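Read the figures in this text as sums done on the coordinates, not as results from a lab. If you're wondering where the values come from, they're calculated on a predicted model, not measured in any experiment. In this analysis, Cβ positions are derived from the backbone assuming ideal geometry, glycine residues included, and neighbour counts consider all displayed protein chains.
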């Protein structure tokens, strides 16, 4: 039932946003498969749920401590009945730099490849890329 | 035969590099499925082989005209026997900015989700993220 699967996949996305905003990186990590593979916005790759959880726990103790994540847009496609590709546009607010200065809001395109294990949808592959608006010709 | 599939998937990667370096964006686009979906390093998303080909033809007439792409590292995982996830670290040299100045070499992490149609492997989903080395605490 595609509509049930769509709802289940979107529920994982909602849970990810919710875990981020509560800074609960155990809940965050539990949305991933044990062997999941995550590439963040600066091209750092973490392999395994534990590594993903630890890395995010570290940043949620520092630069993301008071940050909030919002889902601005998404589109979903099933490569197979049990493999989903979610393209999500997110906005992060309240991120700070190393000196504690709050950075401007930032949009990113987060891709989540989800698979089913049993009937549970989990994130197997993730990649996030900052959305950088085009510069005007005068500023190039 | 997994080893045959591994070779076929890596051959698509090699063809992509080769097409880039010959600036043959028809050959480049033909590596993608008709409904493929590409997110580049600045978070721009193109949907469809035609859009992917046209966008790359435009950049290969300008900023990438004399650029060369090298595969520095890769790892491959099959989510299913007919769905492959290739994580590739590439280096671009010879990219120019809008003023024609050559930019420093740039590494990126390119993810290609490939599927089989018949026995042919093609790229269904792609995302590229620049690898930004960590700054030292003094520079934050």
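Between copies, the label points at residue B:42 (set 7 angstrom from Cα along Cα-to-Cβ) are spaced 2.2 nm, reported in nanometres from shortest to longest. Mean partner shielding of peptide B:123-129, defined as the number of other chain Cβ atoms within 10 Å of each residue Cβ, is 6. Rounded to the nearest 5, the antiparallel percentage of DSSP beta bridges internal to segment B:2-132 is 90%.
So if each residue of separation counts as 0.36 nm, and I subtract the Cα-Cα distance between residue A:34 and residue A:106, what length gain in nm does that give? Please report the intermediate quantities before stating the final value.
Numbers: separation 72, 0.36 × 72 = 25.92 nm, distance 2.89 nm.
In short, 23.0 nm is gained.
For chain B, the longest principal axis of the Cα atoms and the long axis of helix B:2-22 meet at an angle of about 40 degrees.
Do the sum for chain B: with -39,500 (n - 2.57) for every DSSP H run of n ≥ 4, divided by all residues, what is the mean residue ellipticity at 222 nm, to the nearest 500 deg cm²/dmol? Write out the running numbers ahead of the final one.
Numbers: 3 runs with 38 residues, N = 140.
Helix contribution divided over all residues of chain B: -8500 deg cm²/dmol.
Compute the angle between helix B:49-60 and the longest alpha-carbon principal axis of chain B, please, reported from 0 to 90 degrees and rounded to the nearest 10. Here the helix axis deviates by roughly 30 degrees.
Among A:56, A:23, the order by Cβ neighbours within 10 angstrom, fewest to most, reads A:23, A:56.
For segment B:2-132, the Kirkwood radius over C-alpha pairs fed into Stokes-Einstein at 25 °C and 0.890 mPa s yields D = 165 µm² per second.
For segment B:7-47 versus segment B:81-100, the inter-centroid distance based on Cα atoms is 9 Å.
Of all the options B:94, B:48, B:118, the one that moves most in a Gaussian network model of chain B with Cα springs shorter than 10 angstrom is B:118. Which one of B:42, B:96, B:125 has the biggest mean-square fluctuation once chain B is modelled by GNM with Cα springs under 10 Å? Taking springs between Cα atoms under 10 Å, the residue moving most is B:42.
The calculated FRET efficiency for residue A:24 paired with residue A:120, based on their beta-carbon distance and R0 = 22 Å, is about 0.75. Ranked by the mean number of other Cβ atoms within 10 Å of their residues, highest first, the peptides A:78-89, B:104-115 come out as B:104-115, A:78-89.
Give, as ranges by residue number, the residues of segment B:22-37 whose backbone N falls under 20 Å from the point 7 Å along Cα→Cβ of residue B:8. Those under the cut-off are B:28-37. Placing a label point 7 Å from the Cα of residue A:119 along the Cα-to-Cβ direction, the distances to the matching points in the other copies come to 4.0 nm, shortest first.
Across peptide A:31-44, the mean count of Cβ atoms from other chains lying within 10 Å of each residue's own Cβ comes to 3. Inter-copy label distances at residue A:72, using a point 7 Å along Cα-to-Cβ, come to 2.9 nm with the shortest given first.
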